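One structure below.
All of the numbers you see were taken from the coordinates with simple rules; none came from a lab. From a predicted model like this one, the values you see are computed outputs, not experimental measurements. Please note: Cβ atoms are built from the backbone with ideal geometry, for glycine as well, and neighbour counts cover all protein chains shown.
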Amino acid sequence: MNADGQGTTPRALDRDKLFAARLHAARARPYLATALFALHTVESRRVPTMAVDRHWRCYVSPAFVDRTPVEELAGVWVHEVSHLLRDHHGRSDRAAREHGLTGPGDRLRMNIAADCEINDDIYGDGLVRPEGAVRPETLHLRDGELMEDYLRQFRLGPLAQDLVWLDCGSGADGLDREWERGPDGAHGLGAHDIDAVRFRVAQGITARPGDAPAGWRRWAEEAFHPPQPWRELLGAAVRSAVSGSGAGEDYTYGRPSRRSAGVPGAVLPSLRRRPPRVSVVIDTSGSVSDAELGSALLEVAAISRAVGGRRDLVSVLPCDAAAQAVHPLCRAEGIPLVGGGGTDLRAGFARALRSHPRPDVVVALTDGQTPWPDTRPPCRTVVGLFPRLPSTSWDEDDPDYRPDVPPAWARVVEIGSGPAAR
């Protein structure tokens, strides 16, 4: 018996209609065609509309396909594949770890925030917005922001009460569903295949940037940079450093210590946690390429996210053989990376530690061709190393020269070369 109480056999998924809608989507957004055709469809009566898992399977409700026009289905195709291309599952997992978001309501908020990131500019120009699509204005929010920004700006309440049905699958919020096939199920894509699809889509967007909305152009620029495991490691290293004992701690008499009761006639200060400060020293010597300097600016933005998005707590110090001016982080791309000479990051460390207030963490982004401080700085240190191929000559005048490795007191992350760190 079906949902209407009729004794009829439920209709099978109308794949002809579904695939006609996918073709319509590919014609409307040709730069997404590779991704659209990489999705494997799975018939499912447990999803309200369409949903994706993190392994690039698309679960489709037969009833939803029957009642939805082809033009709207095309919009849903683009919406679902956008979750995967923009790595909403990985980003949701990171947000959950960083902010302790564990409940089903938190994952629903992530799904809604991810939808807002997608739906603000992907429709129009031949692509119909599906009925009920969540947009930032639905929640009285601004267009053009990222999922993480939207997630901070709303809570489940009256404006979101009509969205409890929303379920775009683990591909949207990172939470595995019972009806998904999981990592060992058939027809899922592996990590290398997913990277290849993303790269092809990014190529298509950057080749004809005028055809893509601003959100997709921004995504494509980031997609051309190396895969992300090392960036997670860098962020984790910074978070570990700023969360350790001593970092971001200070004494205050504004709230006397409870130990004062045991010392009659004395008022003891209490230990107060304050937001940690990070100073980023960027190697701008001649041995560092323009591409690596561009990557360094991306890392500065990632570092600011690692300390909760507080850009006012992050300063940037370009350095070759001498330290340059210290720049507060407003927009990373506006920081002049002046240099081009030899390398001595000791000058950068010394300048950073003379800053007032002094940083709790120093992050050095370098190719490693530098002397290091003789003594351990009075704060935690993270070193991001740009990779060098084994065949690369470190010094044309001395082929046997090898730079000193970073000291043992620094946490080292190799940038762009995979998940290696110490």
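Data for the structure
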{"quantity": "Fully extended contour minus Cα-Cα distance, from A207 to S355, at 0.36 nm per residue", "calculated": "48.9 nm"}
{"quantity": "Cα shape, segment 1-105, gyration tensor, a/c 1.5 rule", "calculated": "oblate"}
{"quantity": "5 angstrom amide H check on V281, placed H, neighbours 5+ away", "calculated": "L317, V363, A364, L365"}
{"quantity": "DSSP beta bridges in segment 1-150 [antiparallel fraction, %, rounded to 5]", "calculated": "50"}
{"quantity": "Rounded to whole Hz, the Karplus (6.51, -1.76, 1.60) HN-Hα couplings of segment 34-39, x for glycine and proline", "calculated": "4, 6, 4, 7, 7, 5"}
{"quantity": "Amide H contacts of R177 (H built 1.01 Å from N, under 5 Å, at least 5 apart or other chain)", "calculated": "S170"}
{"quantity": "10 Å beta-carbon shell around V81, net charge (K/R +1, D/E -1)", "calculated": "+2"}
{"quantity": "Part-to-part distance (alpha-carbon centres) for segment 155-207 and segment 346-366, which is given in Å", "calculated": "40"}
{"quantity": "Label-to-label distance, nm, for residues given as H40 and R217 (7 Å Cα→Cβ offset)", "calculated": "3.7"}
{"quantity": "Cα centroid of segment 94-110 to Cα centroid of segment 8-78, whole Å", "calculated": "27"}
{"quantity": "For segment 279-289, 3J(HN,Hα) per residue [Karplus equation, 6.51 cos²θ - 1.76 cosθ + 1.60, θ = phi - 60°, Hz, x = Gly/Pro]", "calculated": "10, 9, 9, 9, 6, 10, 5, x, 7, 9, 6"}
{"quantity": "Global form of segment 48-116, assessed from the alpha-carbon gyration tensor, a/c cut-off 1.5", "calculated": "prolate"}
{"quantity": "Residue-by-residue Karplus 3J(HN,Hα) for segment 114-127, coefficients 6.51, -1.76, 1.60, Hz, glycine and proline x", "calculated": "5, 4, 4, 4, 7, 7, 6, 8, 8, 9, x, 6, x, 10"}
{"quantity": "Distant-in-sequence amide H partners of Y59 (H built 1.01 Å from N, under 5 Å)", "calculated": "V42, A51, V52, D53"}
